[in-house]
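The values are calculated or read from the model by the stated rules, or taken from the named source; none is laboratory data. What you are looking at is a predicted structure, and each value in this text was computed from that prediction instead of being measured. We place every Cβ from the backbone using ideal geometry, glycine too, and count neighbours over all the protein chains shown.
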Amino acid sequence: MHHDNGVIGAATIARAEERRVELLKAAGYNAIRSAHNPISEALLDACDRLGLMVMDEFTDGWTSTTAGFGYGHDLADWWRRDLPEMLARDYNHPSVIMYSIGNEVADTGNDWGATLGRDMVDLVKSIDDSRPITNGVNPMMTSLHDLKAEMGREGGVNSLMRDLGDLLGNVVTSDMATDRLEDAMSQLDIAGYNYASARYELDIKRHSQRLLLGTEGTPNKLHEIWPLVEQFPQIIGDFAWTAWEYIGEAGLGADKPASEPFFGNYPWRLSMTGDIGITGQRRTISYWREIVWGLRTTPHLAVHRPEVSRADLQPSLYTWSDSTESWTWPGFENQVMTVEVYSDALEVELLLNGQTVGRAPAGRDNRWMATFEVPYERGELTAVAIRGGARAETDSLRTAQPDSGLSLVTDRDVIRADDTDLAYVDITIADSDNIVHVLRDDVVTVRVEGSGTLQGLGSAAPASEDDYTSATTRLYLGRALAVVRPTGPGQIRVIAESSSGLRAETALRAE
């Protein structure tokens, strides 16, 4: 999880951090990894209080940096002061269960990096020997210079991983990667692997006593990774890239033509890799994860968006499909829609307006997913889990009615009258049953009156020119989010108006 808080930017406000922890726990997560720097104390406080474990990470690159002004320029002079300060601050936080000394450090593949890693581990142990130490090691990064030479190409590790595709596993299990990794892994209490689950069984055979951790995993490969976590006690878990959407690495998770740059061009601003968007709405992959983890038995319906489906798009390595939970697609009548049903049942039945569309296998052997092609028509789409030949749990999507209106829903009616609290107001265009019109992209203007101020406003649109500090924003998939900060005790009114003439207001109290 990165440091920014979406539409309020990099500001660290206690309620913003607390809300992220609440939503992550509700989605089934039990731990977070800070990416890739010490996280805010407010977030650690929330994890302590609400019960979310933390992998406490020190930095990204060591002596090299992928950004123009990265910490790598100063690490040699500062790490012996900065690392002890992080440990001193975080030592008494019970949520911190392990430390990480780095992420995708190219230096781990050379003698200098091995020495620096040992020095860091020794320093941590001299201050706190009660918690294990790991490092997010990417075998591709440790071998990057060798690979570039062999392939005769330029570019970073992300684009190289994408281009290698199915050959990625062969690279991370190669003798070259094994040699490069040996020193880096031998110094750690827990061997951390970024995008290297293909090495798990190999390294368990080589080092049966070694604990392994997926410090960063390809989002759409969890169905391959999680059975290994369940099978081998040495593998203690897998951190998903990434739990919460973030500003930066713009367009990393976007499907795009192969001719376009690896990252998204302007106006891309979000990575589009998060299970949960910056407005706090769960994306469909989040429900799929719950099923793979064994935490959910109710199936979940997801529909690929017809307005963005293009045959020339190359799928991103770092994200899920463009699917969403909607059966409201005016203008696309009779167009064939791709429908996914995530389920642990061996078979799933799909019905449209009470009529069976078909049955398809799901469960472990089918990536915990059944897929259907369905011509769109208004009504109700229902997925039914089939267990032992009988119908069991269901999930449904209904078409929104024409009686759409602007809706404002606050996360709490009463907040604290101090500047550490916030109210989150979901803005949607929905019908009287709160079914959202996902194709509505109205511009919405928000005004706050009384004992509060507008702290931030925006949508989950990954490519947008909207200003999060402005009082106007354009809806994305029919939604936006306003964040209100109290200025003192009293009533707060939030009023919203859309470019199509819709209006709504809501009230809350700060006390």
Quick check: anything in the range 425-432 surrounded by fewer than 17 Cβ atoms within 10 Å (Cβ to Cβ), closer than 26 Å to VAL336 by Cα and not basic (Lys, Arg)? no
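Identify the residue in the range 412-424 that is out of contact with any helix residue (DSSP H, G or I) (no Cβ under 7 Å at 6 or more places or on another chain) and surrounded by fewer than 18 Cβ atoms within 10 Å (Cβ to Cβ) and, among all such residues, is modelled with the lowest pLDDT. Reasoning before the result, please.
Residues of the range 412-424 that are out of contact with any helix residue (DSSP H, G or I) (no Cβ under 7 Å at 6 or more places or on another chain), as a first pass: 412-419, 423.
Among the residues that remain, those that are also surrounded by fewer than 18 Cβ atoms within 10 Å (Cβ to Cβ) are: 412-414, 416-419.
Numbers: ARG412: 97, ASP413: 97, VAL414: 98, ARG416: 98, ALA417: 98, ASP418: 95, ASP419: 92.
Among residues in the range 412-424 that are out of contact with any helix residue (DSSP H, G or I) (no Cβ under 7 Å at 6 or more places or on another chain) and surrounded by fewer than 18 Cβ atoms within 10 Å (Cβ to Cβ), the one modelled with the lowest pLDDT is ASP419.
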Would you mind stating whether PRO38 is of a type outside the set (Asp, Glu), over 25 Å from the mean Cα position of the chain (by Cα) and within 24 Å of GLN187 (Cα to Cα)? no
Quick one: ILE492 ticks every box in (1) part of a loop (DSSP other than H, G, I, E, B); (2) buried (at least 21 other Cβ atoms within 10 Å of the Cβ) except a single one, so which number is it? (1)
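Return yes or no: is PRO402 more than 27 Å from the chain's Cα centre (by Cα), of a type outside the set (Ser, Thr, Tyr) and modelled with pLDDT of 95 or more? Steps first, please.
Numbers: more than 27 Å from the chain's Cα centre (by Cα): yes; of a type outside the set (Ser, Thr, Tyr): yes; modelled with pLDDT of 95 or more: no.
The answer is no for PRO402.
Please state which one of ALA370, ALA360, ALA383 is touching a residue at least 60 places away in the same chain (Cβ under 8 Å) and aliphatic (A, V, I, L, M).
Numbers: ALA370 fails: touching a residue at least 60 places away in the same chain (Cβ under 8 Å); ALA360 fails: touching a residue at least 60 places away in the same chain (Cβ under 8 Å).
Being touching a residue at least 60 places away in the same chain (Cβ under 8 Å) and aliphatic (A, V, I, L, M) holds for just one of ALA370, ALA360, ALA383, which is ALA383.
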Please go through (1) buried (at least 19 other Cβ atoms within 10 Å of the Cβ); (2) within 25 Å of ILE427 (Cα to Cα) for HIS304 and return the number of the only condition it doesn't satisfy. (1)
Hand me the list of strands (runs of 3 or more DSSP E) wholly inside the range 269-370 holding 1 or more residues that are modelled with pLDDT of 95 or more and in contact with a His (Cβ under 7 Å, 6 or more places away or on another chain). 336-342
The range 330-378 - residue that is of a type in the set (Ser, Thr, Tyr) and out of contact with any Phe, Trp or Tyr (no Cβ under 6 Å at 6 or more places or on another chain) and, of those, surrounded by the fewest Cβ atoms within 10 Å (Cβ to Cβ): THR356
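A quick yes/no check of all residues on (1) touching a residue at least 40 places away in the same chain (Cβ under 8 Å); (2) in a loop (DSSP other than H, G, I, E, B); (3) crowded, with 16+ Cβ neighbours inside 10 Å:
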{"site": "GLU230", "(1), (2), (3)": "no, no, no"}
{"site": "PRO233", "(1), (2), (3)": "no, yes, no"}
{"site": "PHE239", "(1), (2), (3)": "yes, no, yes"}
{"site": "GLY251", "(1), (2), (3)": "yes, yes, yes"}
{"site": "ALA258", "(1), (2), (3)": "yes, yes, no"}
{"site": "GLY264", "(1), (2), (3)": "yes, yes, yes"}
